[in-house]
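This report concerns only the one structure given below.
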């Protein structure tokens, strides 16, 4: 599965699995509003990656906390939406580039969550 990415201002447009565009913005939000990456496309990717429906709200909040919904988020050790650490790549038979694909990142995150729980993300972005 390939995603098409383009930047328009501060909005990332991602071609979803259904072919519709998913728009994620880092525009300011009102104080007290829970920030999340929840969207129909992100929900479909998460469910397809094996995430239980009951965990989706926490997953979407954690995703926002880790990457601000950016598929290109990266630092010296971690990459993608859920900031998967490179130590997991060999076990998952993945390359670092795979972690920039939203679906594969969510597959890897699910594996980490099954093994370590939300503690792998410092409490899960509650």
Notebook entry, point to check: Sorted by mean Cβ packing within 10 Å, highest first, what order do the peptides 71-83, 50-62 take?
Noted result: 71-83, 50-62
Margin query: Residues of the stretch 85-126 with backbone nitrogen within less than 20 Å of a virtual label 7 Å along the Cα-to-Cβ line of residue 39, please, listed as ranges.
Written below: 98-110
Check: If you wrap a convex hull around the C-alpha atoms of the stretch 37-121 and split its volume per residue, what is the figure in Å³?
Finding: 82 Å³
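Each value in this text was obtained by applying a stated rule to the coordinates, not by laboratory testing. A quick note: this is a predicted structure, and the numbers were derived from the prediction, not measured. Don't worry about glycine lacking a Cβ; one is built from the backbone with ideal geometry, like all the others, and counts go over all protein chains shown.
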